[in-house]
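Let me begin by presenting the structure, written as structure tokens, before commenting on it.
None of the figures in this text is laboratory data; all of them are computed from the coordinates on show. What you are looking at is a predicted structure, and each value in this text was computed from that prediction instead of being measured. Here the Cβ positions follow ideal geometry from the backbone for every residue, glycine too, while neighbour counts run over all protein chains shown.
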Amino acid sequence: MNIFNPANSIEKDTQESKYFVINSQQILTFKNENFVRPISADELNWSGLEIKKKHFLGYLNDNACFAVSSQGDCVLEDTVFSDLRSLLGRIPDDLFSVISRAIQIQNWYETHKFCGKCGAKLVENEKERAMICNSCDAPPAYPRISPCVITLIHRDDEILLAHNVNFPENFYSTLAGFIEPGESVEAALEREVKEEVGIEVKNIKYFESQSWPFPSQLMLGYFAEYSKGNLTPDLVEIDKADWFNIHQLPNVPPGKISISGKLIEYYVKNYS
């Protein structure tokens, strides 16, 4: 069991530190191991990689843990840099949050090199995780998080599932969308559902949230009950949508990987 406690500042790196090594948004993994894990200080020293930057993430099992930005080829045996999406299912549940944090902080750092107001080079704030401009009065640039609402719509023993235009055939999921400036989560949910499939919902209830680092979303999960309207997919994002009996579902995301799968599994298990 891994226990991760996030933090922002540390006095020094140690021999007991753990590292998630990232190169071009891909993470270092071992081909001969079933699960993704951080590497040790010795493995990092012998990796042959050029270390560009270390970002302190917090404490993993009481040991300092870092995201390491690297370049070059790794000489450790059986290692490969893998896209994070391809690793879903190989990432232990208790490590997903720290790996999500590593990817998002590294992405933030790489995309906040210059001030968006005056164009000057940004520097790191020594007291908090932020990039600051010393040439103008632009506010600090903190790691960006994009809130999204994701909802399972139900009516008795049926749930609404949709097929995104980018999904494989016969793969369906719940509806989701970004929250716009000035919107509450509930208002965004109602708008997204209306825009994507043309119906209205009621009895909106919060479920739980999940960090989703593709690249920096925070998914806010809700249940909602069907109210009225006919299903009309927008044919832009959603090309098919339908009601499915909870005992006859198409291919859906597994609960161990995504909050969409958790919403589905929870409703199927608890419907009565």
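Quick notes
- Only DSSP H runs of four or more residues enter the estimate; each adds -39500 (n - 2.57), and after division by the residues of the chain the mean residue ellipticity at 222 nm equals -5500 deg cm²/dmol.
- Each Cα pair under 8 Å and six or more residues apart adds its sequence gap; the mean of these over the residue count of the chain is a relative contact order of 15 percent.
- Cα gyration tensor category, rounded, prolate or oblate, for the chain with a/c compared to 1.5: prolate
- Sorted by Cβ neighbour density within 10 Å, fewest at the top, the residues S211, S260, S184, S17: S184, S211, S17, S260
- Centre separation in Å (Cα based) which lies between the stretch 207-272 and the stretch 77-102: 23 Å
- With an a/c value under 1.5 for the gyration tensor axes a ≥ b ≥ c computed over the alpha-carbon atoms, the stretch 17-104 is described as rounded.
- Farthest positive-ward along the stretch 173-250 dipole, Cα basis, beta-carbon charges - from W243, V197, L175: W243
- Order of V252, V193, V268, V165 - criterion: other Cβ atoms within 10 Å of each residue's Cβ, fewest first: V165, V268, V252, V193
- Most mobile listed residue (T111, T29, T79) in the chain, GNM with C-alpha springs under 10 Å: T111
- Cα long-axis angle, helix 259-270 against the chain (0 to 90 degrees, to the nearest 10): 50 degrees
- Largest GNM mean-square fluctuation among P181, P254, P147, using the chain with Cα springs under 10 Å: P181.
- With coordinates expressed along the principal axes, the C-alpha atoms belonging to the stretch 146-270 extend over 37, 32, 29 Å, beginning with the largest.
- Rounded if a/c under 1.5, otherwise prolate or oblate - the stretch 26-70, Cα gyration tensor axes: oblate
- Gaussian network model of the chain, Cα within-10 Å springs - most flexible of V149, V68, V201: V201
- Legend: distances between Cα atoms for K202/K256; K54/K256; K12/K53; K54/K262; pairs beyond 24 Å are K202/K256; K54/K256; K54/K262.
- The Cα atoms of the stretch 1-158 cover 57, 49, 29 Å along the three principal axes, with the biggest extent listed first.
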